[in-house]
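Enquirer: One structure coming up, written as structure tokens, with questions to follow.
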Amino acid sequence: MKNLYFDYIIILAFSLFLSTELHAQQAMAPAGIQRDATHPTPEQVEYQRQEKIAFVHFGVNTYTNREWGTGDESPSIFNPKKFDADQWARVLSENGFQTLVLTAKHHDGFALWPSDYTEHDVGSSPWKNGNGDIVKEVAEACEKYGIKFGVYLSPWDMHESSYGTPEYNDFYLNQLEELLTNYGPIAEIWFDGAKGEGAKDMEYDFDAWWNMVRKLQPNAVIFSDEGPDVRWIGNEHGYAGETNWSTINRDSVSIGKPGQGQYLNRGEPQGPDWVPGECNTSIRPGWFYHQEEDDQVKPISDLMEIYYKSIGRNCTMMINIPPTPGGRFHANDVERLNEFTERVEAIFDDNLAAGRSVTGSGSDHSALTDGEWDTFWVADRGARSSTLTLTLAQPTRFNHIVLQEYIPLGQRIAEFKVLAKEENQWTQITEGTTIGHKRILKVEPVMTDQVRIVIEKSYGQAALNEIGIYNGE
């Protein structure tokens, strides 16, 4: 009996040992890697994977040739006789834009939908005899072409008489509720703190406004200087910092406060809040259409620089395309968008690293070249640095390198360098700091069959889900 009891104890102890070992091995496995305390929500991940977003400024300023209105414009001037939301959505879809954000109301207070809370809207205009709804037609066109729809509802309203009083917050909530309940899914809501000189003092109740968004459109991301989901990048050139963290401390930022552009441009390593950057700029000098700017559409070289400094620096790229008074995108803008798309596709269409072998430290090296989003390589636990070597099929010319972190876990890499093997020696060809969702590095042309990525500093266990090698001008 004692022998049987002793045998049982031995078997139980051995089983517990195996179970402990199994759990330890699972914890070491790539699938068991833990997320950082600060990491994106699923909506933020989906947002950043879009990469290209369109802004569309349209309203009474389109007819007054102004950038900022005055609030006393007559609705009678708004009459886009050739309005074609279908053209907007089709052009954007053909050029890879994933979301369209419309200026449903700019600072002048003119609403592009028939609002129950103001007569300063399309319902008072001659367009469609006051029976039209720009917001509705744009939302429907976006749905038709598989594009997400977003809105900008300016907090500053130069027309509304209650502006400057506590009652204005309720007025704004009422208009926000109309947009959030009458036009289907809203993907992104834009808020800012823009005000002109002489504007009345007004304390916005952003918390109440954001709570309404969370309640009525829980899948929407909220944009402002401080987020909470997406932040302004600190300038209107479309450029993120060469070092750009998706993390910040939201307590360090206030909406509309001057002097915080540099902080927003770079982010903060290991900041407590995940708020990725959005790089907004316009395809023309102005945000609204001006006929005199028809020949001032940004050249391809400028758009490519914006691409490299936005998407290529862990941000989304937001390009504004302003419709003409007739209500269509101008032919010059459309032509430039098409040229830009062709240029990007010519460079990044063929990943020369696809399916190639990667060796080095860490686990799951094949994930780096399999083209799958949800597979990823992870560094060894506790490693202070990691080295990965990509072997190509033969000596290959390239001039672009693309690296992607697996951001659902967080953002960790702070320093890295890239080397190429030339004449049996490793030569450094570029270096960088942050990677995040995507880092694009343009380098002098290199001919080699081996490329080495050295991660020199990481806040925790590094995780990459793609290495890309491209050759194109």
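The values are calculated or read from the model by the stated rules, or taken from the named source; none is laboratory data. Since we're looking at a predicted model, the values are computed, not measured. Ideal geometry is used to build each Cβ from the backbone, glycine not excepted, and the neighbour counts take in all protein chains shown. Note: areas computed on protein heavy atoms with side chains; ligands, DNA, RNA excluded. Shrake-Rupley method; radii C 1.70, N 1.55, O 1.52, S 1.80 Å.
Enquirer: On the full set of protein chains, 1.4 Å probe, figure out the accessible area of H290 and give it in Å² to the nearest 10.
Expert: Number for this one is 10 Å².
Enquirer: So what is the relative contact order for segment 286-416, in percent, with contacts set as C-alpha pairs under 8 Å and at least six apart? Mind showing how you got there, number by number?
Expert: Numbers: 103 pairs, mean separation 22.3, N = 131.
That works out to 17 percent.
Enquirer: Considering the Cα positions of the chain, please state its Rg to one decimal place and its Dmax as a whole number of Å.
Expert: When restricted to the Cα atoms of the chain, Rg and Dmax are 25.9, 100 Å.
Enquirer: How are the Cα pair distances of segment 87-227 distributed, in percent, across 5 Å bins from 0?
Expert: Going out from 0 Å in 5 Å bins, segment 87-227 shows 2, 10, 19, 22, 21, 15, 8, 3, 1 percent.
Enquirer: Give me the percent of the accessible area of segment 338-442 that comes from carbon and sulfur atoms, probe 1.4 Å, all protein chains in place. Present the calculation step by step, with values, prior to reporting the outcome.
Expert: Details: 1770 of 4730 Å².
Exposed carbon and sulfur together represent 38 percent of the surface.
Enquirer: Right, another one. Of all accessible surface on segment 76-207 at a 1.4 Å probe, what whole percent is carbon and sulfur?
Expert: Working: 2240 of 5370 Å².
In segment 76-207, the share of accessible area belonging to carbon and sulfur is 42 percent.
Enquirer: Students often get this wrong, so check it: of K105/K136; K148/K442; K81/K136; K82/K144; K215/K257; K144/K309, which have C-alpha atoms separated by over 21 Å? If you can, show how the numbers build up before the last one.
Expert: On the way: K105/K136 14 Å; K148/K442 31 Å; K81/K136 17 Å; K82/K144 19 Å; K215/K257 27 Å; K144/K309 31 Å.
Over 21 Å Cα-Cα: K148/K442; K215/K257; K144/K309.
Enquirer: Would you mind estimating how fast segment 298-384 diffuses translationally, via Stokes-Einstein at 20 °C and 1.002 mPa s with the Kirkwood radius over Cα pairs, in µm²/s? Mind dumping the intermediate values first?
Expert: Values: Rh = 16.4 Å.
Estimated diffusion coefficient is 130 µm²/s.
Enquirer: Shifting gears a bit: When all protein chains stay in place, what accessible area (Å², nearest 10, 1.4 Å probe) is found for I186?
Expert: 10 Å²
Enquirer: So, one more: Compare the peptides 407-414, 375-382 by average per-residue count of other Cβ atoms within 10 angstrom and give them in order, highest first.
Expert: Per-residue Cβ counts within 10 Å, averaged per peptide and sorted highest first, yield 407-414, 375-382.
Enquirer: Less than 14 Å Cβ to Cβ from P285, Lys/Arg counted +1 and Asp/Glu -1: what total charge do the surrounding residues give? Can you show the working numbers first?
Expert: On the way: positive: R66, R284, K298, R336; negative: E67, E236, E292, E293, D294, D295, D302, D333.
Summing Lys and Arg as +1 and Asp and Glu as -1 gives -4.
Enquirer: Turning to a different aspect of this structure: In what order, largest first, do E43, E342, E51, E423 sit by accessible area if the probe radius is 1.4 Å? Numbers along the way, then the final one.
Expert: Details: E43 60, E342 120, E51 30, E423 175 Å².
Descending order: E423, E342, E43, E51.
Enquirer: For segment 280-332, evaluate the Debye formula with one uniform point scatterer on each Cα (no solvent term) and list log10 I(q)/I(0) at q = 0.29 Å⁻¹, rounded to two decimals.
Expert: -1.13
Enquirer: Please report the relative contact order for the chain, taking Cα pairs under 8 Å with a sequence separation of at least 6, and give it as a percent rounded to a whole number.
Expert: Once divided by the residue count of the chain, the mean separation gives 15 percent.
Enquirer: What order do S361, S161 take when sorted by accessible area (1.4 Å probe), most exposed first?
Expert: S161, S361
Enquirer: While we're here: Could you work out what % of the accessible surface of segment 263-321 is carbon and sulfur, using a 1.4 angstrom probe and leaving DNA, RNA and ligands out of the count? Before the final figure, lay out the partial values.
Expert: On the way: 770 of 1830 Å².
Here carbon and sulfur together make up 42 percent of the probe-accessible area.
Enquirer: Which value, in debye to the nearest 20, gives the size of the charge dipole of the chain about its Cα centre, when Lys and Arg are +1 and Asp and Glu are -1 at the Cβ?
Expert: Working: 40 positive and 70 negative charges, 282 e Å.
So the dipole magnitude of the chain works out to roughly 1360 debye.
Enquirer: If you don't mind, another one. Rolling a 1.4 angstrom probe over the protein heavy atoms, how many square angstrom per residue are accessible across the chain? Could the numbers behind the result be given before it?
Expert: Details: 20840 Å² over 473 residues.
Result: 44 Å² per residue.
Enquirer: Here is a follow-up. Among K195, K309, K81, what's the order by accessible area (1.4 angstrom probe), most exposed first?
Expert: On the way: K195 75, K309 50, K81 170 Å².
Reading off the accessible areas and sorting them downward yields K81, K195, K309.
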